[in-house]
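Below is one structure, written out as structure tokens; comments come after it.
The values are calculated or read from the model by the stated rules, or taken from the named source; none is laboratory data. Source: prediction; values computed, not measured. Every residue, glycine as well, gets a Cβ built from its backbone with ideal geometry; the counts of neighbours run over all protein chains shown.
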Amino acid sequence: MNLGPVDRRQFLAAGGTAFICTLAGQRISADKPADVSQLAGGLEVPPKVAAAQSSGGAQATLAATSGARREYWIAAEERKWDIVPTGTDEMLNQQVPGRTTFKAYTYRQYQSGFSSPVNNGKVPGPLIQADVGETVVVHFRNKLKSPVTIHPHGIRYDVEMDGAYKGEYTDPGGFVQRGQDFTYVWEATEGTQGLWLYHDHGPLDPVPLYKGLFGPLIVRDPDQPRPDVEFFLFMHAFEPVATSLRRQFWCINGRAYAGNAPTLRAKVGQRVAFHVISLDNYFHTFHVHGHRWTDPDGTVIDNKTMGPGDSMTFEFVEDNPGRWLYHCHVFSHLHGGMTGWYIVE
Amino acid sequence: MNLGPVDRRQFLAAGGTAFICTLAGQRISADKPADVSQLAGGLEVPPKVAAAQSSGGAQATLAATSGARREYWIAAEERKWDIVPTGTDEMLNQQVPGRTTFKAYTYRQYQSGFSSPVNNGKVPGPLIQADVGETVVVHFRNKLKSPVTIHPHGIRYDVEMDGAYKGEYTDPGGFVQRGQDFTYVWEATEGTQGLWLYHDHGPLDPVPLYKGLFGPLIVRDPDQPRPDVEFFLFMHAFEPVATSLRRQFWCINGRAYAGNAPTLRAKVGQRVAFHVISLDNYFHTFHVHGHRWTDPDGTVIDNKTMGPGDSMTFEFVEDNPGRWLYHCHVFSHLHGGMTGWYIVE
Amino acid sequence: MNLGPVDRRQFLAAGGTAFICTLAGQRISADKPADVSQLAGGLEVPPKVAAAQSSGGAQATLAATSGARREYWIAAEERKWDIVPTGTDEMLNQQVPGRTTFKAYTYRQYQSGFSSPVNNGKVPGPLIQADVGETVVVHFRNKLKSPVTIHPHGIRYDVEMDGAYKGEYTDPGGFVQRGQDFTYVWEATEGTQGLWLYHDHGPLDPVPLYKGLFGPLIVRDPDQPRPDVEFFLFMHAFEPVATSLRRQFWCINGRAYAGNAPTLRAKVGQRVAFHVISLDNYFHTFHVHGHRWTDPDGTVIDNKTMGPGDSMTFEFVEDNPGRWLYHCHVFSHLHGGMTGWYIVE
């Protein structure tokens, strides 16, 4: 891309943490565009991955699972993504200047057998869900130029299904190469109920994740009533390392600023569930105007601190109509885009 | 003001997040003084606010409320404020060099009908309290040169009483102009018990808040016994954007360093309540020496992480005499002033 | 030391907070080596400390305690410490370039009466443990060139046993000088059960702590079953101010990167306890792959936010063999070394 260089001082002044990791001998910084394909060029195939390939590919342990299956077909793909499609911050009623579009990575959902895409790839990826007792099978196809994976939180899985790169100890699921498939099998055993997440944890972590490779995962208790309406929200930053844009965007579900971040809608009387996940290099709080909820510790709150990898669900019965804001209460994050409308009729 | 420029590198080196927001087309940074009056000059009056003015002003929905009323008369005013009145850090027994006084914004409490001030304006503003079942009525007068508001957490209110600027969707309570009044009506309904806060959430957010426009709000359960002594404490930073001073101060209730931050006092045998609120761009922990408390989750702790907008109450029966420190356990915050004495007789 | 200067911009770019404190009139920054001996040279002996010395030294209130005693002999000593002894990051299977060895401060455990050291000093210091009802007696000897202390969290102690420097109000236990001894007496009274920590809180805080003066403290309920295996883990940064090295290392128990940070081992069927403490200038989350636990608030989680001074214990019955990663989920911390192996057979 032919953008000018990102201004490091501006980036740090915006609260950025520049240094992220060292990959292929290069220091990767959040404020400098990184060329993932080039980084991938220097990677060696780990021994267990090479052995599995020569013996005909990694076999998923599908036979060993019991209970009903939930099958997903998901491909990692690149797509153009606009962080601020309206070009406007509706909270302050002002324009958001500069470029806001980049080539994101997405987990894109397909119909059975990858026959056709369900829709365009999105940030975050599709909701993966299961009831307790079910087995989740994710048929994963890597259409990117670099190795990526799917690593889940919370649900039960054997170590081969960890989806994490571990150097010489890497299993095939932790290094899914360009053009290859891997089938992840995870089990929603008793005790894994809750809101979780999944994300890339491959050899170029966290760059592909920073470009959009994450999504929500939920294990439900089938004996519990489902809410009438529910929202899955990721608080995360899109940073220059991943976007090649000149600034940092504070996002909810890949979009920044009210009118771009999800506009949530509910009706008075509905049971509403918010499923909130935090996943970047920073700490956030989640706050909703005009509402409050009971924390699992029993206190009534309307604001909660969350760090990278944390997830929480809260529910309430909607009783307060109007146009509300939900946002991160870190002021520079709020004003950098981490806010949206919640409209109750 | 005729102060020299704040040194950005020093500011960032102290852990500051410089970029906060874009207001009136200007990038506002925590490390650069901002002229609030000038920023206010560029603001348009939102359509609903203009319509209410032309029809004789916004009417509070007082008629609709039931239960006993708790009425407050509060004006936003500017006043000179000294962050380190003793000039000394008593923990390290050393002087705090440099200027420590600036023009703060305060929520100043008045007697009924704004007949006379209760006292000088303070940081934080007055405690707003109600029992469950009561209605809080805040008669608010803006004596500042820029529009500000009062936005509450936790308590129940209709969307018109949100006190938040929302661009074109702003209600009159979200844009209280210079010299104007607005009456906020909030209801302490069942389920809103707890420690909350209030703060400016107007069109220049967060600059007026950074200058001191915040305060504690509590909804009490009248069936619960009151503590013998209680403390309301805000952990927050005073930063150059708000103070025009050359450095960042880490404060508790507007003051920095032991002997300036509140010196708390209790006696052995008393039931003591700490009401702690975190409200700036950073994350903190609250720690007390020689004491511990039971967290709502049942664990016994003496240190707790809090993010912007979080609030917590803990209580214990005092049993340990002496001169203790309470402080944020982030070392640079502690040593930047976020500590005070707790003296038990 | 003859190292080149640390590059401040690199340090800040890595997420460092440079300014920590002002000691002896000097601004101490995390990114610049500090000479502790020189800083100590300017310190005055606080009046109560001087008085105790002239009257024959501080007397511990040993006579006043009841219950069984747990006695420890601990000396503060300097020792050479390698943060990355293997020189390798096993997660990414790549070398860690540059120097990784420095002169750490350690709390080193001795046999009764300081007759002989139990082992080399370590980061963190030895586990101090007691059952409810017992008294902990720590015979502390300062073999460093500067005054340091031991300040405990959570356990019950009189104010003279606080181990905290308080300027003119400092007790002898808050200023233990070079070559001197002090005996700390703390009581594991009912209600102090839990995982805690201890650390230096002397007049040069936090520099000696940053160099390694911290350790775990646990008060156990003797009626609760002990886990089959347990791990005590500190998440903390080693920074240039303390190490004179050119970069920041994100550590667990004084080591950085998988294969250097503790390699934890357990067996299927064992009851496993993780005791996790966070203690630096930053916020972290603790995450384990392939496992989850019940938070004290009743939710099942596999990732938790922790700030400086926070501690948590979680337990589970091991049921998932393999080579797992545990790590801080802040990506730049993970990739800066804050990860290790957890191997289940």
Hey, can you tell me all the residues within the range B:317-326 that are more than 7 Å from every other protein chain (Cβ to nearest Cβ) and closer than 20 Å to residue C:311 by Cα? B:326
(1) modelled with pLDDT under 95; (2) within 14 Å of the chain's Cα centre (by Cα) all hold for residue A:255 apart from (1)
Looking only at the range A:108-146, count every residue that is of a type in the set (A, V, I, L, M) and crowded, with 21+ Cβ neighbours inside 10 Å and tell me the total. 6
For the range B:89-102, name all the residues that are at the interface with another protein chain (Cβ under 9 Å from one of its Cβ atoms) and either of a type in the set (Val, Ile, Thr) or at positive phi (or both). B:93, B:96
Selected residue (criterion: nearest to residue A:78 (Cα to Cα)) from residues of the range A:199-237 that are hydrophobic (A, V, I, L, M, F, W, C) and in contact with an Asp or Glu (Cβ under 8 Å, 6 or more places away or on another chain): A:213
Meets criteria (surrounded by fewer than 22 Cβ atoms within 10 Å (Cβ to Cβ) and farther than 22 Å from residue B:90 by Cβ) for residue C:211: no
How many residues of the range A:265-305 are over 21 Å from the mean Cα position of the chain (by Cα) and either more than 30 Å from residue A:242 (Cα to Cα) or more than 14 Å from chain B (Cβ to nearest Cβ) (or both)? The answer is 22
Pick out the one residue from A:289, A:236 that is within 24 Å of residue C:300 (Cβ to Cβ) and touching a residue at least 12 places away in the same chain (Cβ under 8 Å). A:236
One residue from A:196, A:186 being within 16 Å of residue A:74 (Cα to Cα) and among the aromatic types (Phe, Trp, Tyr): A:186
Restricting attention to the range A:54-76, which residues are surrounded by 12 or more Cβ atoms within 10 Å (Cβ to Cβ) and either at pLDDT 85 or above or of a type in the set (Lys, Arg) (or both)? A:69, A:70, A:71, A:72, A:73, A:74, A:75, A:76
Which condition number in (1) closer than 24 Å to residue A:78 by Cβ; (2) of a type outside the set (A, V, I, L, M); (3) buried (at least 24 other Cβ atoms within 10 Å of the Cβ) is the one that residue A:253 fails? (3)
State whether one or more residues within the range B:226-235 are under 12 Å from the mean Cα position of the chain (by Cα), within 14 Å of another protein chain (Cβ to nearest Cβ) and more than 16 Å from residue B:107 (Cα to Cα). yes
Here is a check on your reading of the model: is residue B:332 touching a residue at least 60 places away in the same chain (Cβ under 8 Å), small (Gly, Ala, Ser) and within 9 Å of chain C (Cβ to nearest Cβ)? yes
Among the listed residues A:149, A:170, which satisfies the condition of being buried (at least 23 other Cβ atoms within 10 Å of the Cβ), of a type outside the set (Asp, Glu), more than 22 Å from the chain's Cα centre (by Cα) and within 21 Å of residue A:37 (Cβ to Cβ)? A:170
Out of the residues in the range A:261-275 that are small (Gly, Ala, Ser) and assigned to a strand (DSSP E or B), state the one that is farthest from residue C:283 (Cα to Cα). A:266
Conditions (1) touching a Pro at 6+ places or on another chain (Cβ under 9 Å); (2) modelled with pLDDT of 95 or more -> residue C:32 fails only (2)
Of all residues in the range C:14-26 being within 9 Å of chain B (Cβ to nearest Cβ) and at pLDDT 85 or above, which is surrounded by the fewest Cβ atoms within 10 Å (Cβ to Cβ)? C:22
When you look at residue A:305, is it within 30 Å of residue B:24 (Cβ to Cβ) and of a type in the set (S, T, N, Q), yes or no? no
Mind checking which residues of the range B:10-40 are outside any helix (DSSP H, G or I) and among the polar types (S, T, N, Q)? B:17, B:22, B:26, B:29
Residue list for the range A:258-292, filter: of a type in the set (A, V, I, L, M) and closer than 26 Å to residue B:279 by Cβ: A:258, A:261, A:264, A:276, A:277, A:279, A:288
Residues being away from chain C (no Cβ under 11 Å), in a strand (DSSP E or B) and hydrophobic (A, V, I, L, M, F, W, C): count how many of those fall in the range A:157-213. 3
Only one of A:181, A:205, A:200 is surrounded by fewer than 20 Cβ atoms within 10 Å (Cβ to Cβ) and not assigned by TED's automatic domain parsing to the domain that holds residue A:13, namely A:181
Taking the stated definitions as given, is residue C:154 in a loop (DSSP other than H, G, I, E, B), of a type outside the set (Ser, Thr, Tyr) and within 14 Å of chain B (Cβ to nearest Cβ)? yes
Are any residues in the range A:293-329 surrounded by fewer than 24 Cβ atoms within 10 Å (Cβ to Cβ), more than 21 Å from residue B:199 (Cα to Cα), touching a residue at least 12 places away in the same chain (Cβ under 8 Å) and of a type in the set (D, E, K, R), and if so, which ones? A:295, A:315, A:318, A:319
1 or more residues assigned by TED's automatic domain parsing to the domain that holds residue C:262 and basic (Lys, Arg): qualifying strands (runs of 3 or more DSSP E) within the range C:75-142: C:101-110, C:135-142
Filtering the range B:130-182 down to residues that are out of contact with any Ser or Thr (no Cβ under 9 Å at 6 or more places or on another chain) and of a type in the set (Phe, Trp, Tyr) yields B:157, B:169
